[in-house]
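The values are calculated or read from the model by the stated rules, or taken from the named source; none is laboratory data. Since the structure is predicted, the reported quantities are computational estimates derived from the model, not experimental observations. With ideal geometry, Cβ positions are generated from the backbone for all residues, glycine too; neighbour counts draw on all protein chains shown.
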Amino acid sequence: MELHEYFRRQFAYDAWANQQVLAALQPDDTGFARSLELFAHIISAERLWLERIRLQPQSLAVWPELSLAQATGQSSEVNRLWRDYLEPLSSAGLAQLVSYKNSKGESYTSTVADILTHVLLHSAYHRGQIASHMRANALNPAYTDFIHAARQGFIE
């Protein structure tokens with residue numbers, strides 16, 4: 001499998017995992033607010049990094065306040081934006097350098113491949129926080145393990 005195909009598959013998993021988390025979030029559950037905050041941050045960061053790659057201005061706060069409906073809409077949109085970006089991406093495109101400023105105003109340059117890896121790991125990290133928080137509040141978190149998604153055919 002070519003590296004650009006690998007990233008397409010990983011982002012398909014990421015989109016599936018985010019949908020599973022959304023399905024597990026219920027507004028009337030104890031502890032819902034913190035889980036939703038974390039999820040909104042996932043979506044915002046995924047969008048922010050794509051905007052950095054595309055040299056576009058940041059459109060969401062790093063920690064936005066979103067309702068469940070808004071988070072659902074933003075998640076669908078960011079998944080579509082990533083699919084649109086990744087579809088024509090070549091292996092050479094993964095080596096492209098992107099210069100950006102972080103949220104503290106510090107300047108950095110990273111390859112597209114490193115940014116994609118960061119986005120995926122960052123999202124998985126916060127989905128783990130959501131699962132932990134839900135368990136601490138006696139809730140059932142989404143089952144978002146990659147191997148589960150692959151074995152069940154949820155991703156190609």
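In table form, for the structure just shown:
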{"read-out": "Test result for residue 34, charged (D, E, K, R), surrounded by fewer than 16 Cβ atoms within 10 Å (Cβ to Cβ) and out of contact with any helix residue (DSSP H, G or I) (no Cβ under 7 Å at 6 or more places or on another chain)", "value": "no"}
{"read-out": "Which listed residue, of 47, 54, 34, is among the basic types (Lys, Arg) and touching a Leu at 6+ places or on another chain (Cβ under 8 Å)", "value": "47"}
{"read-out": "Members of the stretch 1-21 that are modelled with pLDDT of 95 or more and of a type in the set (A, V, I, L, M)", "value": "12, 15, 17, 21"}
{"read-out": "Close pairs from the stretch 118-145: first within 10 Å of residue 42 (Cα to Cα) and at pLDDT 95 or above, partner polar (S, T, N, Q) and part of a loop (DSSP other than H, G, I, E, B), Cβ under 7 Å, at least 6 apart", "value": "127/144"}
{"read-out": "Checking residue 46 against (1) closer than 21 Å to residue 19 by Cβ; (2) at pLDDT below 95, the condition it does not meet", "value": "(2)"}
{"read-out": "Helices (runs of 4 or more DSSP H) lying entirely in the stretch 71-156 (those with 2 or more residues that are under 17 Å from the mean Cα position of the chain (by Cα))", "value": "112-136, 146-151"}
